[in-house]
Amino acid sequence: MPDDPRSSEPSPTSAPDGRGSSRGGSVDGEVLAALIREAGDAPAAPRDGWREHPVRTAAFLGGAVVLAVVVVVLGIINPRPSMAVATDRLGPAPGEQVDDYLSEARASLDGAGTEPRWALVSFTEYLTPQQIPAAADGLRISGVIQHVPIDRVQTPVITVGTPAGDIPALNSADAAAGLLAAQRQLDQRTTDIARITEARLRAGCACTAGLVVRGTLPELRELAGRPGVRAVQALPADAIAGRFAVAPLLPGSTGTITPTPDDGPVPAE
């Protein structure tokens, strides 16, 4: 979304007498100048001790207090802009009901806008790499979510960013395996989980849990009606690439979104 060319600073306004108006976000110039002159007229702090010159000491402190008050007032009237960053999200939140998320995803496709949007595609079953291009129905794929399902074993979810074209999507499982191999594991169980996950990804398992695509609302509604597509959730048209979080709706997830149990044995192969 292009930057707004207009300045975010308030425009100066003029009062009937020609002075700057405090309604414009500034302090009256003459009042500020008087305060600073008053502070400047205070004598400097005595060099030979505070106690021997109590009058000059009090005047110096009074001037410092006036300056401090001016600074505080300026800070209140002209606060610095907030640097808070709002983040969009694709996918269900922890603790959210799956049915609520599915309703939210359907509602995100309502409207008549034709601007392209980022969207998360969730499937009823895991896909193999060869099935990915057809599953996108011609839309631009920008991310592939890989997850190796093992009963009662918490395997990692890996989202691979992909350039345009089918080849990067087809190679996303190998790319996910490479990312996992580069990580350092902290204990034997996580080492064993990483080993079996990497091996299955390199073998071309049916482990694709979702896609991040870009398309218009009509295109996304059409994609949502295809067989095997469980949900399509779209972001607003002004969402910025790289500024939104992605969490998959794994195939078969029901009830409440909770972490996968991790008390089962890790397969040897």
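The values are calculated or read from the model by the stated rules, or taken from the named source; none is laboratory data. Model, not experiment: these values are computed from the prediction. Neighbour counts are summed over all protein chains in view; Cβ atoms, including those assigned to glycine, are modelled from backbone coordinates with ideal geometry. For accessibility, only protein heavy atoms count, side chains too; no ligands or nucleic acids. Shrake-Rupley method; radii C 1.70, N 1.55, O 1.52, S 1.80 Å.
Scanning segment 207-249 for residues that are at pLDDT 95 or above, among the small types (Gly, Ala, Ser) and buried (at least 16 other Cβ atoms within 10 Å of the Cβ) yields Ala209, Gly210, Gly215, Ala224, Ala231, Ala234. A search for C-beta distances below 6 Å between a residue of segment 104-118 that is under 15 Å from Val212 (Cβ atoms) and any residue that is hydrophobic (A, V, I, L, M, F, W, C) and at pLDDT below 95, counting only pairs 6+ apart in sequence or on different chains, returns Arg117/Ala237; Trp118/Ala239. In this structure, does Arg200 turn out to be over 29 Å from the mean Cα position of the chain (by Cα), at negative phi and crowded, with 20+ Cβ neighbours inside 10 Å? Taking the combined requirement at face value, the residue satisfies it. Could you list, in sequence order, all residues of segment 202-235 that are in a helix (DSSP H, G or I) and touching a strand residue (DSSP E or B) at 6+ places or on another chain (Cβ under 6 Å)? Once the filter is applied, which keeps residues that are in a helix (DSSP H, G or I) and touching a strand residue (DSSP E or B) at 6+ places or on another chain (Cβ under 6 Å), segment 202-235 yields Leu220, Leu223, Ala224.
Using the structure shown, decide if Ile145 is among the β-branched types (Val, Ile, Thr) and farther than 26 Å from Glu222 by Cα. Against the criterion (among the β-branched types (Val, Ile, Thr) and farther than 26 Å from Glu222 by Cα), Ile145 does not qualify. Scanning segment 97-111 for residues that are of a type outside the set (A, V, I, L, M) and modelled with pLDDT of 95 or more yields Gln97, Asp99, Asp100, Tyr101, Ser103, Glu104, Arg106, Ser108, Asp110. Among the residues of segment 64-95, the ones that are open to solvent by 40 Å² or more (accessible area, probe 1.4 Å) and either within 30 Å of Val212 (Cβ to Cβ) or at pLDDT 50 or above (or both) come to 10 in all.
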